[in-house]
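Notes follow the structure.
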Amino acid sequence: MIRLALRILIFTLPLVVKSCTDILVTPEVSQDGSAMIAYNADSGGLMGMLYHYPPTIGRGGEEREVYEWDTGNFLGLIREVNQTYNVIGNINEYGLCIGESTFGGVEILSKQKDAILDYGSLIYITLQRCKTAREAIHTMVKLMDEYGYASEGESFSLADRKGEVWIMEVISRGRSYGKKGAVWVARRVPPGYVTAHANQARIRTFPRNDTDNCLYADDVVDVAVHYGLFSNSSDPNNFSFSDVYSPVTSQTARLSEARVWSIFSAIVDDSGHFQDKYLDYASGYNVTHRMPLWIKPYKKLSLLDLMGLMNSHYEGTELDSSKDVGAGLYSTPYRPRPLGWEYE
């Protein structure tokens, strides 16, 4: 069984959204034994909508129009498959669930000529075609390689009825590499663990010979070498996806990774040790003090626990949004856009 905890589901306004937060929980640490994904796009400028894609059969080979999820712009045509599955929101009839957060990444890889599939279309087309998380990863890769990837760097959350939970991070091959699609790494969250992501790539080094738990593009290092992002003489085993394709800055640590820090701090212990240990990182002062990709919670989590974690404004921590300079006269935890500004 799988559950999807959503604060805000699907959005279609022409805005660049970088306020998404995902929490991925394996069945072994959920109270009812189900895999859970909590996913939101927490922006006051977005209006929620629950999409429904009814199942189809017998349309194999027909052309399907693809429109960019964020803008509604027409991107191109792809071939439909013979059978698609029923999809409501971000979960399909077989219990496959996919969420996301955009990390952007290095500017040189932000655009790919003639690409057709943006991250939103990729999610919903995949949900219509796949039954398991592992099948979804392979389908997403095949679609991107055939039709090109039309978005910035993205973190995807995947979970299925069997209880497998995966985090997959993707960034395009850019314009000059000579091949469409994206480079990527996907890691299975170990049983008994929880991970989260919030608009900052989090996968760093990864195992190369463990296909049960880690999958990746064959050219994930080659693309970085091609664009001068990683030295050809460096040991490829030391290659870090996040550090090469989406380096952490003070701003992304404070505005993005701080959300993961808040989530992990609340569930990894009740002593405050984790919170204190990584405060310098979440505050943006020490961007090399990276947090682990996943943690083992000290208790089993319920759906209500995830909703509470998504509601956090860092209450009870040194980053409490109601107590800093942006809180204003009435100590509000809410912030107008943009989140980044300069004081002169």
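The values are calculated or read from the model by the stated rules, or taken from the named source; none is laboratory data. The shown structure was predicted, so the numbers you read here are calculated from the model rather than taken from an experiment. With ideal geometry, Cβ positions are generated from the backbone for all residues, glycine too; neighbour counts draw on all protein chains shown. Ligands, DNA and RNA are excluded from the accessible area calculation, which covers all protein heavy atoms including side chains. Shrake-Rupley method; radii C 1.70, N 1.55, O 1.52, S 1.80 Å.
Accessible surface for residue 19 stands near 10 Å², nearest 10, in the context of the full protein assembly shown (1.4 Å probe).
Under a Gaussian network description of the chain, with springs only between Cα atoms under 10 Å, the residue in 77, 50, 329 that fluctuates furthest is 329.
Sequence-ordered 3J(HN,Hα) estimates for the range 71-78 from the Karplus curve with 6.51, -1.76 and 1.60 and θ = phi - 60° stand at 10, x, 6, 5, 10, x, 10, 10 Hz, glycine and proline given as x.
In the elastic network of the chain, a GNM with C-alpha springs shorter than 10 Å, the most mobile of 125, 267, 57 is 57.
When both the range 207-241 and the range 319-336 are represented by their alpha-carbon centers, they are found 41 Å apart. Subtracting the Cα-Cα distance of residue 329 and residue 47 from their residue separation scaled by 0.36 nm leaves 98.7 nm. Oblate is the label for the range 72-116, because a/c, from the alpha-carbon gyration tensor with a ≥ b ≥ c as root eigenvalues, is 1.5 or above and a/b does not exceed b/c. Modelled this way, with points 7 Å down the Cα-to-C-beta line, the labels at residue 212 and residue 270 are 3.4 nm from one another. Taking a straight Cα-Cα cut-off under 29 Å and skipping sequence neighbours fewer than 8 places away in the same chain, the lysines within cross-link reach of residue 162 are 131, 142, 296, 299, 300. Rolling a 1.4 Å probe over the protein chains gives residue 223 an accessible area of about 0 Å².
With a 1.4 Å probe rolled over the protein heavy atoms of all chains, the accessible area of 85, 39, 53 falls in the order 53, 85, 39, largest first. Each of 164, 154 has its accessible area taken with a 1.4 Å probe; listed largest first, they run 164, 154.
With equal scatterers on the alpha carbons only and no solvent term, can you work out the Debye log10 of I(q)/I(0) for the chain at 0.07, 0.14 1/Å? Debye curve over Cα of the chain, log10 I(q)/I(0) at q = 0.07, 0.14 Å⁻¹: -0.28, -1.18. Evaluate the distance, in nm, between pseudo-label points positioned 7 Å from the Cα of residue 231 and of residue 113 along their respective Cα→Cβ axes. Going from the residue 231 label point to the residue 113 one covers 3.2 nm.
Exposure check, 1.4 Å probe, all protein chains in place: residue 132 carries approximately 40 Å² of accessible surface.
What order do 218, 145, 212 take when sorted by accessible area (1.4 Å probe), most exposed first?
218, 212, 145
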